[in-house]
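Heads up: the structure comes next, in structure tokens.
The values are calculated or read from the model by the stated rules, or taken from the named source; none is laboratory data. For clarity, every value in this text was computed on a predicted model and none was experimentally measured. With ideal geometry, Cβ positions are generated from the backbone for all residues, glycine too; neighbour counts draw on all protein chains shown. Calculation scope for accessible area: heavy atoms of the full protein, side chains included, ligands and nucleic acids excluded. Shrake-Rupley method; radii C 1.70, N 1.55, O 1.52, S 1.80 Å.
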Amino acid sequence: MNYKNSKPFYIYKMKQLRLIFFLFLVQISYSQTFTEVSNNSGVDHIFQQFANMGGGGVFFDYNNDGWEDLYLTSGKGKDHLYENLGNGSFSLITDSWLNITAEYYTVGVVSGDVNNDGYRDLYITTWRGEDNSGDLERNLLFINNGDGTFSEKGIEYGLSIASFSMGASMLDYNNDGFLDIYTVNYVESSAFLYDSDGEINGFDHDCYENQFYKNNGDGTFSEISAALGLNNNGCALAVMPTDFDQDNDTDLYIANDFGEFIVPNTILRNDFPSSSFTDVSVETNMDVAVYGMGIASADFDKDGDFDYYVSNIGSNVLIQNDGNQNFTDIAAAAGVENTYSEGSSSLLTTSWGTAFLDVNNDTWPDLFVANGRIPTLDFIATGEEDPNKLFINNGDLTFTDVSVSVGINDLNRGRGMLYCDYDKDGDLDILVVVQDSSEGTNAKTMLYQNQLNPNGNDVKNWVQVSLKGTTINKDAMGAKIELTVNGEQLLQEVHGQGSHASQSSLVAHFGLADNAIISQLKVIWSSTDTQTFTDLAVNKRYELTQGSTLHSEENEFIDFSIYPNPVKNELHFRGINNSFQLKIFSIQGRLLEVVFVDQAETAVNLAHFKTGIYILQVFNDDNLLLKSTFFLKE
């Protein structure tokens with residue numbers, strides 16, 4: 001059932017609730033902040049792997065209804081497109097245009113409006129055919145028809161080169177208003193290095209060159225990587241478009257596997273207006289020699305420049321920018337190395353998708369890492385017990401691992417990860433793509449709904465900014481947003497890319513802590529075009545078309561909180577200005593009680609319930625707004 005076409009309901013047509021819940025499974029001194037909701041939300045997916053390679057997704061609004069949808073690659077299977085129904089759930093699209101994806105081993109995905117018609121298109125990276133045998137295959141380009149369907153036009157648009165493609169990025173390298181595509185490729189042939197005893201102790205693979213497709217603006221692309229100096233031949237697994245030197249053009253940072261032995265990570269500086277890129281990896285110290293898997297970027301220390309995190313086999317790397325484009329690895333001091341698998345002092349972790357995101361809205365970018373074993377050689381032996389990691393930014397150049405306490409430490413083999421406020425409740429949710437090679441019986445792609453504030457029960461403010469270009473590309477990729485609150489500057493750039501095989505939301509999300517006014521919002525569209533707005537209200541999503549005035553969504557956000565957890569006798573409700581139905585179930589799923597609440601503040605007496613864990617569902621009319629758990633103690 002498509003709820004958007006049914007009877008209007010409060011959460012979609014009238015006012016958008018900011019649901020702030022503290023009803024989670026009790027843990028000593030912490031409360032669970034994320035709830036895994038893939039089943040409840042309608043996301044039923046697992047990546048069908050070959051050789052443990054691949055798995056990604058993208059959050060994007062394919063039908064322009066204001067709700068971000070979800071595309072997931074499936075390896076040997078047919079890819080999944082899920083429409084966001086605007087009520088916390090998704091509906092699987094089964095249209096025939098998706099059938100072609102079952103003929104390819106699909107790996108990663110990136111989305112952008114390549115023809116500037118106002119609709120986001122899809123670029124899918126591939127390996128071979130569906131059984132992953134035979135010749136290499138080309139990548140796929142799905143053009144959005146604007147009617148809810150897509151047409152595959154890779155050959156027609158000139159994207160014909162076949163390779164072992166892993167990651168891709170969209171960027172406008174020459175600022176002509178059209179998005180170009182950079183594809184990074186992996187191993188062509190395998191060879192090894194040996195020690196004096198004949199044991200393998202390194203790699204000597206040959207790797208496919210990367211491709212850069214220039215958008216000609218007429219429905220075609222031209223491959224010009226060699227001319228631009230972008231035909232890097234490291235065994236790349238991810239790429240991030242980023243203005244690392246902040247000169248208002250887009251550079252490219254590449255995460256290369258086997259970096260110690262073949263080609264290390266590479267930063268390619270855009271020399272615009274010259275049509276070329278320069279490798280400045282050595283002089284910037286960004287040439288980290290690791291098994292590069294994914295890249296995260298943020299101004300995590302709030303000093304006005306971009307820092308980068310690179311996932312790896314073993315110790316991950318956090319390279320801090322000193323403001324002059326000199327980078328230093330501070331991962332160990334910051335507490336985000338994530339070196340060894342669970343319970344081991346010798347078996348290494350394997351990290352893939354990663355991103356900085358402010359999960360608790362305290363203004364400091366936190367860090368998520370999707371982990372999942374890949375079997376490898378003895379000298380870099382990896383462990384199976386390899387849970388995802390969430391590191392909370394302490395604001396002092398250190399992070400705290402809260403993965404267990406917030407309920408996000410899944411042990412299945414994660415690959416791509418991406419984030420989005422898919423339910424538009426003012427906090428960022430996380431999705432991890434999981435492979436079917438996982439040993440656990442519950443292996444599935446995991447959607448974690450953020451239920452706010454892993455470090456306490458205090459509600460923090462936030463703001464979101466959605467940009468649309470006119471003279472620059474429609475998706476405003478490459479634009480930067482500077483926010484000033486209480487004399488402090490927060491900085492983000494628009495692209496959503498870098499995480500392994502995946503792309504996150506293009507809607508910029510800023511946590512604001514207790515700040516109730518945004519002193520200034522500055523959008524840097526390009527080196528010659530900026531817009532500034534002052535004294536803005538918080539807890540809103542603002543939309544801005546280049547050259548126009550700023551406006552916010554009509555939906556109002558109100559606080560609706562349920563507390564405490566654990567609960568002893570009374571469960572309290574605050575901020576209710578509409579009628580809600582509450583259903584309380586046993587942990588086995590048996591309905592125990594139905595309660596109707598419609599007052600400004602009320603409570604439900606649970607003294608007649610036994611000590612234990614209960615399930616709570618909150619409804620507005622027939623629409624499920626929340627499913628969560630709480631602990632009742634004596």
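Residue check: is PHE192 of a type outside the set (Asp, Glu), without any contact (Cβ under 8 Å) to a residue 40 or more places away in the chain, open to solvent by 60 Å² or more (accessible area, probe 1.4 Å) and in contact with a strand residue (DSSP E or B) (Cβ under 6 Å, 6 or more places away or on another chain)?
In short, yes.
It is to be established whether one or more residues within region 611-634 are at pLDDT 80 or above, assigned to a loop (DSSP other than H, G, I, E, B), more than 24 Å from ASN84 (Cα to Cα) and not polar (S, T, N, Q).
Among the residues of region 611-634, not one is at pLDDT 80 or above, assigned to a loop (DSSP other than H, G, I, E, B), more than 24 Å from ASN84 (Cα to Cα) and not polar (S, T, N, Q), which makes the answer no.
Could you tell me which residue of region 477-495 is most open to solvent (accessible area, probe 1.4 Å), considering only residues that are part of a loop (DSSP other than H, G, I, E, B) and without any contact (Cβ under 8 Å) to a residue 40 or more places away in the chain?
Looking at the filtered set, the residue picked out is ASN486.
Determine, yes or no, whether LEU159 is assigned to a loop (DSSP other than H, G, I, E, B) and of a type in the set (A, V, I, L, M, F, W, C).
Yes; evaluated as a whole, the condition is true for this residue.
Restricting attention to region 67-85, and to residues there that are assigned to a strand (DSSP E or B) and open to solvent by 10 Å² or more (accessible area, probe 1.4 Å), which single residue is farthest from VAL184 (Cα to Cα)?
Looking at residues that are assigned to a strand (DSSP E or B) and open to solvent by 10 Å² or more (accessible area, probe 1.4 Å), I get GLU83.
If you go through region 46-61 one residue at a time, how many are under 19 Å from the mean Cα position of the chain (by Cα) and either part of a loop (DSSP other than H, G, I, E, B) or on the phi > 0 side of the Ramachandran plot (or both)?
Qualifying residue count for the region: 6.
Which condition breaks for ALA607 when tested against (1) open to solvent by 60 Å² or more (accessible area, probe 1.4 Å); (2) in a strand (DSSP E or B); (3) at pLDDT 70 or above?
With respect to (1) open to solvent by 60 Å² or more (accessible area, probe 1.4 Å); (2) in a strand (DSSP E or B); (3) at pLDDT 70 or above, ALA607 is out only on (2).
Just one of (1) open to solvent by less than 40 Å² (accessible area, probe 1.4 Å); (2) closer than 24 Å to GLU68 by Cα; (3) free of Cβ contacts under 8 Å to residues at least 24 places away in the same chain trips up GLY167, so point out which.
Just one mismatch for GLY167, condition (3).
Among what's in region 280-300 and is touching a His at 6+ places or on another chain (Cβ under 9 Å) and either of a type in the set (A, V, I, L, M) or open to solvent by 10 Å² or more (accessible area, probe 1.4 Å) (or both), pick the residue that is farthest from LEU357 (Cα to Cα).
Of everything passing the filter in region 280-300, MET293 is farthest from LEU357 (Cα to Cα).
Based on what the data block shows, is GLY88 surrounded by 16 or more Cβ atoms within 10 Å (Cβ to Cβ) and closer than 24 Å to LYS444 by Cα?
Yes.
State which residue is farthest from ARG415 (Cα to Cα) when the search covers only region 332-343 and only residues that are at pLDDT 95 or above and open to solvent by 10 Å² or more (accessible area, probe 1.4 Å).
ALA333
Would you check which residues across region 109-141 are part of a loop (DSSP other than H, G, I, E, B) and of a type in the set (D, E, K, R) and list them?
ASP113, ASP117, ARG120, GLU130, ASP131, ASP135, GLU137
Kindly indicate which of ASP329, ASP362, ASP303 is over 20 Å from MET417 (Cβ atoms), of a type outside the set (Phe, Trp, Tyr), open to solvent by 10 Å² or more (accessible area, probe 1.4 Å) and out of contact with any strand residue (DSSP E or B) (no Cβ under 6 Å at 6 or more places or on another chain).
ASP303
Out of the residues in region 383-399 that are open to solvent by less than 10 Å² (accessible area, probe 1.4 Å) and touching a residue at least 60 places away in the same chain (Cβ under 8 Å), state the one that is nearest to ALA298 (Cα to Cα).
This residue is ASN393.
Could you please let me know if SER151 is among the hydroxyl-bearing types (Ser, Thr, Tyr) and assigned to a strand (DSSP E or B)?
Yes, satisfied.
Kindly establish whether VAL465 is in contact with a His (Cβ under 9 Å, 6 or more places away or on another chain), closer than 26 Å to PHE47 by Cα and open to solvent by less than 40 Å² (accessible area, probe 1.4 Å).
no
Exactly one of these conditions fails for LYS522: (1) within 25 Å of SER552 (Cβ to Cβ); (2) among the basic types (Lys, Arg); (3) in a loop (DSSP other than H, G, I, E, B). Give me its number.
Unmet condition: (3).
What are the residues in region 525-554 that are assigned to a strand (DSSP E or B), within 25 Å of the chain's Cα centre (by Cα) and closer than 16 Å to ASN361 by Cα, if any?
The one that is assigned to a strand (DSSP E or B), within 25 Å of the chain's Cα centre (by Cα) and closer than 16 Å to ASN361 by Cα: ARG541.
Do you know which residues across region 204-223 are assigned to a loop (DSSP other than H, G, I, E, B) and either touching a Gly at 6+ places or on another chain (Cβ under 7 Å) or surrounded by 12 or more Cβ atoms within 10 Å (Cβ to Cβ) (or both)?
ASP204, HIS205, TYR208, GLU209, ASN210, ASN216, GLY217, GLY219, THR220
Please go through (1) over 25 Å from the mean Cα position of the chain (by Cα); (2) open to solvent by 30 Å² or more (accessible area, probe 1.4 Å) for LEU230 and return the number of the only condition it doesn't satisfy.
(2)
Out of the residues in region 144-160 that are of a type in the set (A, V, I, L, M, F, W, C) and over 22 Å from SER91 (Cβ atoms), which is most open to solvent (accessible area, probe 1.4 Å)?
For region 144-160, the residue satisfying everything is ILE155.
For ILE408, state whether it is crowded, with 24+ Cβ neighbours inside 10 Å, part of a loop (DSSP other than H, G, I, E, B) and aliphatic (A, V, I, L, M).
yes
If ASN99 satisfies all but one of (1) surrounded by fewer than 16 Cβ atoms within 10 Å (Cβ to Cβ); (2) part of a loop (DSSP other than H, G, I, E, B); (3) of a type outside the set (Asp, Glu), what's the number of the condition it fails?
Here ASN99 clears every test but (2).
Go through region 468-485 and give me each residue that's more than 15 Å from PHE533 (Cα to Cα) and more than 23 Å from the chain's Cα centre (by Cα).
THR470, THR471, ILE472, listed by residue number.
Going through ASN201, ASN256, ASN233 one at a time, which residue ends up being polar (S, T, N, Q) and assigned to a loop (DSSP other than H, G, I, E, B)?
ASN233
Hey, GLY426 hits all of (1) under 18 Å from the mean Cα position of the chain (by Cα); (2) modelled with pLDDT of 95 or more; (3) assigned to a loop (DSSP other than H, G, I, E, B) but one; which does it fall short on?
It fails just one condition, (2).
Assess whether ASN64 counts as being in a helix (DSSP H, G or I), at pLDDT 90 or above and either surrounded by fewer than 17 Cβ atoms within 10 Å (Cβ to Cβ) or basic (Lys, Arg) (or both).
No: the conditions fail for ASN64.
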